[in-house]
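Undergrad: One structure follows; several queries about it will come next.
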Amino acid sequence: MESSRDKHLILVHGLSHGAWCWYKVVARLRAAGHRATALDMAASGVHPARLHEVASFEEYSRPLLDAVAAAPDGERLVLVGHSLGGLSVALAMERFPGKVAAAVFLAASMPRIGSHMGITIQEFMETIEPGFFMDSETMLLNTEQGPRAAVLLGPNLLAARVYDRSPTEDLELAKLLLRPGSQFMDDPMMKDETLLTDGNYGSVNRVFVIAKADSSTTEEMQRRMVDLSPGAEVEEIAGADHMAMMSKPKELCDVLVKIANKYD
């Protein structure tokens, strides 16, 4: 029987964040003897690219795609996507289904077969109230592909809706480290209804982890995503804000180890 110690957990951050946001979870997983790697997507965290240089969502997700491609045969991966990171994980599932033992969507965009990936973001934008983004700054980047919308999440938004149950030190860390982010909504990949297939994406075990006290992607919104994309198992973390890895790191760790142990 394979144990979670034979698995490799790869953690993918959300919009504007970086590998740094997983520091508590990586430390706990490794202390318990598990293999864990947190990645920076392109132009995120300490990745050297700047956002206007990233040509596409695929290029943004390249660090994950490369890591999965490079995993040796026989190594089984558990991919964990937070928030926007769920879409990068979905892309990796579609490309390399045989390498992924399970995919975990933590309060994340979880796309569905037969719809384009961007619909999860569209539905979120249609659900939120006007003024949701508070003091965040929106901008248009000049890229070789044309103008691209980007956002820098504001400190009031972070405090009220993202880190509202996390330690204040983690909120301050985020204010220091966040970079402008993009959801790449104009990318053709985000509009491709045939991108995700039943034979690849649909063949991978999926688990959606609900952050029950999330003030941005509310529990209701998370459950709706699960209902619209049948076949995912559900775990819950009580008291977790949107940054469950900050507000409930031990509980999240326990859930991730349970998932890694379950899926061969």
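Undergrad: Among the residues of the stretch 110-130 satisfying the criterion of being outside any loop (DSSP other than H, G, I, E, B) and either touching a His at 6+ places or on another chain (Cβ under 7 Å) or open to solvent by 30 Å² or more (accessible area, probe 1.4 Å) (or both), which is nearest to residue 191 (Cα to Cα)?
TA: 119
Undergrad: Is it the case, given these coordinates, that residue 68 is assigned to a helix (DSSP H, G or I) and in contact with a Lys or Arg (Cβ under 8 Å, 6 or more places away or on another chain)?
TA: yes
Undergrad: Sticking with this one: Of everything in the stretch 182-193, what is in contact with a helix residue (DSSP H, G or I) (Cβ under 7 Å, 6 or more places away or on another chain) and either buried (at least 19 other Cβ atoms within 10 Å of the Cβ) or not in a helix (DSSP H, G or I) (or both)? Give them in sequence order.
TA: Once the filter is applied, which keeps residues that are in contact with a helix residue (DSSP H, G or I) (Cβ under 7 Å, 6 or more places away or on another chain) and either buried (at least 19 other Cβ atoms within 10 Å of the Cβ) or not in a helix (DSSP H, G or I) (or both), the stretch 182-193 yields 182, 183, 184, 185, 187, 190.
Undergrad: Look at the stretch 131-181 and say how many of its residues are open to solvent by less than 70 Å² (accessible area, probe 1.4 Å) and part of a strand (DSSP E or B).
TA: Total satisfying the criteria: 10.
Undergrad: Pairs only if they're at least six apart or on different chains, beta carbon under 7 angstrom, first in the stretch 84-109 and among the aromatic types (Phe, Trp, Tyr), second surrounded by fewer than 24 Cβ atoms within 10 Å (Cβ to Cβ) and part of a helix (DSSP H, G or I); list them, first residue then second.
TA: 96/68; 96/69
Undergrad: Also: If residue 236 satisfies all but one of (1) surrounded by 18 or more Cβ atoms within 10 Å (Cβ to Cβ); (2) among the acidic types (Asp, Glu); (3) closer than 30 Å to residue 76 by Cα, what's the number of the condition it fails?
TA: With respect to (1) surrounded by 18 or more Cβ atoms within 10 Å (Cβ to Cβ); (2) among the acidic types (Asp, Glu); (3) closer than 30 Å to residue 76 by Cα, residue 236 is out only on (1).
Undergrad: Ok, one more. Return the total of residues in the stretch 71-101 being assigned to a helix (DSSP H, G or I) and under 24 Å from residue 180 (Cα atoms).
TA: Going through the stretch 71-101 one residue at a time, the tally reaches 8.
Undergrad: I've got another one for you. Please find, within the stretch 6-48, the residue that is surrounded by the fewest Cβ atoms within 10 Å (Cβ to Cβ) out of those that are within 14 Å of the chain's Cα centre (by Cα), assigned to a strand (DSSP E or B) and touching a residue at least 60 places away in the same chain (Cβ under 8 Å).
TA: If we take residues in the stretch 6-48 being within 14 Å of the chain's Cα centre (by Cα), assigned to a strand (DSSP E or B) and touching a residue at least 60 places away in the same chain (Cβ under 8 Å), then 10 is surrounded by the fewest Cβ atoms within 10 Å (Cβ to Cβ).
The values are calculated or read from the model by the stated rules, or taken from the named source; none is laboratory data. All values derive from a computational prediction rather than experimental measurement. A quick note on method: Cβ atoms are made from the backbone with ideal geometry, for glycine too, and the neighbour counts reach across all protein chains shown. The accessibility values were calculated without ligands, DNA or RNA, using every heavy atom of the protein model including side chains. Shrake-Rupley method; radii C 1.70, N 1.55, O 1.52, S 1.80 Å.
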